[in-house]
Structures are given as C-alpha cells and as structure tokens.
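S.K.: Would you mind keeping the following structure in view while I ask a few things?
The values are calculated or read from the model by the stated rules, or taken from the named source; none is laboratory data. Remember, it's a predicted structure, so these values are computed and weren't measured experimentally. Don't worry about glycine lacking a Cβ; one is built from the backbone with ideal geometry, like all the others, and counts go over all protein chains shown.
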Amino acid sequence: MTEHFPGEPKSAHMLTRVPGPATEALRARHNRFQDARSVHYYQDARKSLGNYAVDVDGNTLLDVYGHIACVPIGYNHPALLEAFRSERFAWLAAWRPALGVAPPPEWVDLVEGPLMGCAPQGHDRVMTVTTGAEAVENALKAAFAWKARRLRGGASWTAEDLQLVMQNRQPGVNALKVISFEGGLHGRTLGALSATRSKAIHKLDFPAFDWPVVPFPANRFPLDAHAAENLEAEARSLEAVERALREGGGTVAALIVEPIQGEGGDRHASPAFFRALRRLLTDYEAAFIVDEVQTGLGATGTFWAHEQWGLDTPPDVVTWSKKFQLGGLHLRSEFAPQEAFRLFNTFLGDPLRAAQAEVILEVVARDGLIAHTRATGELLVAALSGLCDRMPQLFSGARGAGTFAAVDVRDAPTRDRILDAARQLGLEAGGSGDRSIRFRPALIFGARHVNEALDRIEAAARSLS
Ligand SMILES: Cc1ncc(COP(=O)(O)O)c(C=O)c1O
C-alpha cells in the first residue's frame, strides 16, 4: 500500500508521560482564564507531521483522534504549507470580508469550484458558515422556512404574522418540530442542542424545544451474527419515526440524522434503514437532513457517507464541517429560502478556509485518498476483529466504514484505562459513547499505521491485567 506522507516519523516515540510536565505547566497558566481540563496535551503543531502529533514535552504520538475528526490530510502537509506561503493565501489571511455584503471576486470562484464541486448529488445550493453547529442551525432554519411556506400553501405572510412574530408568537410556526435520534449529536448551540441527545451534561440547564426523540437502531456487530435482531431494531426505530410523524399531525418540519452516530458511540444502521427513512419523510412532507459534520470528506470510504445508501432521492439538506476546515450546508434548491437575508450572518464562512478546503480536496483527488481510506478501513476493521477474537473478555463489536471505525470495551472505566495506557505508549485515540474506542484518523492513515495502532491498543490492554 502506497505511503501518502513521505518523511513522516517511523513510529511513535515517548519521552515523558502524557500529559507531561510542559503540558501541565501550560495548563496551570491556561486554567486561570479558561477551562483547560479537557486538554489532552499542548501540541507542538509545527513539529507534528503526517499521522504523528508532537506535544510540547517532545512526545511523538500516532494520532487516530485527529482533533475530533478534523485532520484531513495529516499535519503539515507539503501542499498546504506551499499554498500558505503563496501571495494569495497571505492576502486571504489578512482580510476577512462580510461575504454577504462585499465578497471579493475570488469568492465566486471558490463557490463554483471546490464548494459546489463536492456537492452531494442533486444539490444545487451551498451556504458556508464556520462550525458544525452553525451548519445544523441553518439546516433547521431552511427546513422550517420550507415547511412553513408549504403550510401557508405558498402564500406570503399576513399582517398578523408580521406583528406576532415580533412577540415570538407566530401562528403555527412555534409548533413545528424536528425529530432526532437517541445518541445523536448535532451541536451545542441552542437550536441544534434540542436535536442533540448524546450526553445529559451537554443539555442540562439549557431551555430546549419539546421535539420528538426516537431510538436509533445501533446495529450489533458482526452483522451476520446479529442479522435478525438488527432488523428488529431497525423496524422498531422506523415505527417510532412514523409514529412521531403521524402524531405530529403535519407539524414535523424535518428529521436530522448522522450516517453513523459519531459521538454517541459509533452506532450504525443499514442502507435499507436510511432508504426507508427517506421514503417516510417524503410521504409525510418533512425534510431529510443528513448531518455529515463528522462523516463528510472521505472518512467512511466515500466522499459523503450517504452515498453508500443507494437513495432514489437525495437528502434534502446535508451539513458538514470538521475536515473541510469550515462549516456549511448543501441543499436541494427547493429547500433554500426564497427571500434574501433568511440564512445569513456577518462572515458567512471564511474565504481563507474555503481556499484551504480547495487545496485539501485537490490532494484528496490527486492522491486517491478516498479509495486509499476504503482499503485501509478494511484492514483496520479486520485488525479490530482480530483483537476481539484474541481478547473476547475485553473487546467486542469491531465495526467501521472506511477508517471511521470503532471497537467496544467491556465497560467505561476499562475503556478509559486502555485509552490512557495507549496514550502512554504513543497512541492518541479517543472514546465515543459509553465504552467505545473510536478511530478518526486522517485520510493518509495507511497499513503500517493500522498495525502500529493495534499493537499499542493490545499492549495497553495487556498492561492492565
Ligand atoms: C455529527 C455532528 N454534528 C455537529 C457537530 C457540531 O460541530 P461543532 O462542534 O463544529 O459545532 C458535531 C461535533 O462533533 C458532530 O459530530
């Protein structure tokens, strides 16, 4: 298998424990003004290379966590470094416009080029923002505007609407709902948070919309050993979705779903499940929003994870961020609001980050990194299955699409101990859900990195007993 990042370190190399003394000294300073308790280590980002992160204590770690799935082509990729040395990037970095008011002409090139070039099939509009949560907020707003217009039979607002909306009492509209799934994460802004169901701590004390939540199938692995129970779980979930749509009596504007629940524990459903969802949403006239913030840009072995579902009609709105380095949404044109200023803010994204995304997309295409990720993913899931076979008392449920992969550990405390022990051995990995270890490496992750990561997880697990 081709190495896609020549010159990167041969393997992880540890000098201290992680977090080491230099990290702890920085954390002490940092904690005075910000909450730095979540920091794993302070990264010496200039020294990090390819799949390997270097921390301020000089430790070199193989990174399969990737800043929560945000590293597309590895640290300090030569193509990005070269682009950032160019006059074009220096200028873009020095000037951040209000893109809805006075964009530079280059912005139109970026919209026509990389941003529409990667649009999901059937999508002909794009909006850019900064983060995943903002992408979701705007997807929800697009769905509400679409649904409200339909409920009015395409008519414009009445004088009463214009008056009551200023008191947050728009007739009919406050009853509109979005269905989301148990275990889903769609962001932490107030609207998106009402659709987020992964952890109580994200939601406690924040007022929320009273929207329906339905079970996610969370198929068990290996799939062939659990076929019947997975089918039942999917049927139960689809029944719950249909019930919520029916009981909503026309008030459900949208359903939002991740192709694979990322934060919620790498929970999967089958292509047939998503096709059935698509049909239900069409039947009940609710928008189908697919949240590809964590899955988008190749990690699952196709550019968009939803390409693997074989849908007859594409999703209505697709949200994205993370590996793109900016946030955004693609829409089918009927879901784009008809009036100006409906999906709007000051910056509307950032041309610098869009230009960075363009370079990333060029490298991904030039180096065939999606096919590479598909092949690496097969090795990775096979290696995780091997681990489950060798240590069945500890590991189970190896699963993945591309390198978006995970394995379950016996219980949460053991998972956390394995993650910590693996970090001491030079593997930066993360958890998802209650007891899964997740892989979110860059698209340059290859066969030798799979071997190294698995060796370290196994050694970490053996060191516990
Ligand atoms: C599927 C999904 N949607 C939305 C978000 C929120 O993105 P952000 O943290 O950039 O707001 C995340 C973040 O992890 C995510 O995984």
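S.K.: Out of all the residues in segment 201-224, which are under 25 Å from GLU242 (Cα atoms) and either among the basic types (Lys, Arg) or not assigned by TED's automatic domain parsing to the domain that holds ARG246 (or both)?
M.R.: Listed by number, the list holds a single entry, ARG220.
S.K.: Collect the residues in segment 268-290 that are farther than 12 Å from ALA254 by Cα and within 16 Å of the ligand (Cβ to nearest atom), keeping them in residue-number order.
M.R.: Passing the criteria: HIS268, ALA269, PHE274.
S.K.: Filter segment 33-54 for residues that are closer than 20 Å to ILE73 by Cα and without any contact (Cβ under 8 Å) to a residue 40 or more places away in the chain and give the result.
M.R.: Those that are closer than 20 Å to ILE73 by Cα and without any contact (Cβ under 8 Å) to a residue 40 or more places away in the chain: GLN43, ASP44, ALA45, ARG46, LYS47, SER48, VAL54.
S.K.: Just to be sure I understand, how many residues within segment 39-72 are assigned to a loop (DSSP other than H, G, I, E, B), touching a strand residue (DSSP E or B) at 6+ places or on another chain (Cβ under 9 Å) and aliphatic (A, V, I, L, M)?
M.R.: Final tally of qualifying residues: 4.
S.K.: Hey, another quick one. Criterion first (free of Cβ contacts under 8 Å to residues at least 40 places away in the same chain, in a loop (DSSP other than H, G, I, E, B), within 11 Å of the ligand (Cβ to nearest atom) and within 18 Å of GLY132 (Cβ to Cβ)) does GLY296 satisfy it?
M.R.: yes
S.K.: Could you tell me which of the residues ALA192, ALA233 is of a type outside the set (D, E, K, R), assigned by TED's automatic domain parsing to the domain that holds PHE335 and more than 16 Å from the ligand (Cβ to nearest atom)?
M.R.: Going through ALA192, ALA233 in turn, just one is of a type outside the set (D, E, K, R), assigned by TED's automatic domain parsing to the domain that holds PHE335 and more than 16 Å from the ligand (Cβ to nearest atom): ALA233.
S.K.: I'm trying to understand the selection: among the residues of segment 318-335, which are away from the ligand (no atom under 13 Å from the Cβ) and either in a helix (DSSP H, G or I) or of a type in the set (A, V, I, L, M, F, W, C) (or both)?
M.R.: Keep residues of segment 318-335 that are away from the ligand (no atom under 13 Å from the Cβ), which gives 330-335.
Correct list: LEU331, SER333, GLU334, PHE335.
S.K.: If you check LEU176 against the conditions, is it within 16 Å of the ligand (Cβ to nearest atom), touching a residue at least 24 places away in the same chain (Cβ under 8 Å) and out of contact with any His (no Cβ under 6 Å at 6 or more places or on another chain)? Even if it seems obvious, please write down each step before you answer.
M.R.: On the way: within 16 Å of the ligand (Cβ to nearest atom): no; touching a residue at least 24 places away in the same chain (Cβ under 8 Å): yes; out of contact with any His (no Cβ under 6 Å at 6 or more places or on another chain): yes.
When the stated conditions are applied, LEU176 does not pass them.
S.K.: On the given criteria, is ARG169 surrounded by 13 or more Cβ atoms within 10 Å (Cβ to Cβ), more than 30 Å from GLU263 (Cβ to Cβ), more than 16 Å from the ligand (Cβ to nearest atom) and not small (Gly, Ala, Ser)?
M.R.: Details: surrounded by 13 or more Cβ atoms within 10 Å (Cβ to Cβ): no; more than 30 Å from GLU263 (Cβ to Cβ): yes; more than 16 Å from the ligand (Cβ to nearest atom): yes; not small (Gly, Ala, Ser): yes.
The answer is no for ARG169.
S.K.: Also, I was wondering about something else. Yes or no: PHE445 in contact with a Cys (Cβ under 7 Å, 6 or more places away or on another chain) and either in the same structural domain as HIS330 (by TED's automatic domain parsing) or among the hydrophobic types (A, V, I, L, M, F, W, C) (or both)? Please lay out each step first, then the result.
M.R.: Numbers: in contact with a Cys (Cβ under 7 Å, 6 or more places away or on another chain): no; either in the same structural domain as HIS330 (by TED's automatic domain parsing) or among the hydrophobic types (A, V, I, L, M, F, W, C) (or both): yes.
Criteria not met by PHE445.
S.K.: Still on this structure, please answer the following. Would you mind finding the one in GLN356, GLN338 that is buried (at least 20 other Cβ atoms within 10 Å of the Cβ), in contact (Cβ under 8 Å) with a residue 60 or more places away in the chain and farther than 22 Å from GLU263 by Cα?
M.R.: GLN356
S.K.: Answer yes or no: is there a residue in segment 285-294 that is outside the structural domain of GLY386 (by TED's automatic domain parsing) and surrounded by fewer than 22 Cβ atoms within 10 Å (Cβ to Cβ). Give the derivation first.
M.R.: Residues of segment 285-294 outside the structural domain of GLY386 (by TED's automatic domain parsing): 285-294.
Filter once more, so that each one left must be surrounded by fewer than 22 Cβ atoms within 10 Å (Cβ to Cβ): 285.
Checked segment 285-294: at least one residue is outside the structural domain of GLY386 (by TED's automatic domain parsing) and surrounded by fewer than 22 Cβ atoms within 10 Å (Cβ to Cβ).
S.K.: Tell me which residues, restricted to segment 196-207, are more than 17 Å from the chain's Cα centre (by Cα), assigned to a loop (DSSP other than H, G, I, E, B) and within 16 Å of the ligand (Cβ to nearest atom).
M.R.: PHE206
S.K.: Surrounded by fewer than 23 Cβ atoms within 10 Å (Cβ to Cβ), touching a residue at least 40 places away in the same chain (Cβ under 8 Å) and in a helix (DSSP H, G or I), is that true of LEU380?
M.R.: When the stated conditions are applied, LEU380 does not pass them.
Listed here are the residues, each with its yes/no results for (1) away from the ligand (no atom under 16 Å from the Cβ); (2) over 16 Å from PHE324 (Cα atoms).
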site: ARG96; (1), (2): yes, yes
site: GLY100; (1), (2): yes, yes
site: PRO105; (1), (2): yes, yes
site: ASP109; (1), (2): yes, yes
site: LEU115; (1), (2): yes, no
site: CYS118; (1), (2): yes, no
site: ARG125; (1), (2): yes, yes
site: GLY132; (1), (2): no, no
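S.K.: Same structure, new question: Just for helices (runs of 4 or more DSSP H) wholly inside segment 93-195: which have at least 1 residues that are at pLDDT 95 or above and either of a type in the set (Ser, Thr, Tyr) or in contact with a Gly (Cβ under 6 Å, 6 or more places away or on another chain) (or both)?
M.R.: On the way: elements: 105-110, 132-151, 159-164, 190-195.
In segment 93-195, 132-151, 190-195 are the helices (runs of 4 or more DSSP H) which contain 1 or more residues that are at pLDDT 95 or above and either of a type in the set (Ser, Thr, Tyr) or in contact with a Gly (Cβ under 6 Å, 6 or more places away or on another chain) (or both).
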